[in-house]
């Protein structure tokens with residue numbers, strides 16, 4: 001499945017802008033959500049081809065939102081790449097256990113991000 005539409009989920013305006021710039025300059029259509037709760041609503045509305053999910057956010061965290069998306073029949077086909085500062089092996093393992101398709105640690109490089117997206121598409 002080709003990836004065209006990406007939902008960026010991050011509570012940090014700086015990180016959202018950084019990801020949006022990388023993706024938009026690479027030809028992707030980008031939508032944003034500032035929280036996991038907003039992301040769960042937007043995924044159902046927008047049906048993106050990919051979700052880039054932060055972990056550390058107020059309220060529901062990205063691990064919880066990823067688990068919810070991967071268990072819901074309406075959204076489980078949408079891949080999630082976790083994009084976070086949490087870089088321990090246990091964090092990566094836990095993120096993948098929640099249903100993420102890949103995991104990338106901040107600061108995110110353009111080359112690494114685009115390679116991971118390309119591998120999914």
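Read-outs throughout are calculated quantities, based only on the coordinates presented, and are distinct from any laboratory measurement. Note that the structure is predicted; figures quoted are calculated from it, not measured. Counting neighbours? That spans all protein chains shown, and the Cβs are built from the backbone with ideal geometry, glycine included.
What the table shows:
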{"quantity": "The chain - convex hull of the alpha-carbon atoms, volume per residue in Å³", "calculated": "88"}
{"quantity": "Cα radius of gyration and Dmax for region 75-121 (Å)", "calculated": "10.6, 28"}
{"quantity": "Theoretical ellipticity at 222 nm over the chain - DSSP helices of four or more residues, -39500 (n - 2.57) apiece, nearest 500", "calculated": "-13500 deg cm²/dmol"}
{"quantity": "Label-point gap, in nm, between residue 3 and residue 105 - each point 7 angstrom along Cα→Cβ", "calculated": "2.0"}
{"quantity": "Residue 96 paired with residue 119, simple spin-label distance in nm, labels 7 Å along Cα-to-beta-carbon", "calculated": "1.0"}
{"quantity": "Full-extension gain in nm, residue 56 to residue 29, via 0.36 nm per residue minus C-alpha separation", "calculated": "7.3 nm"}
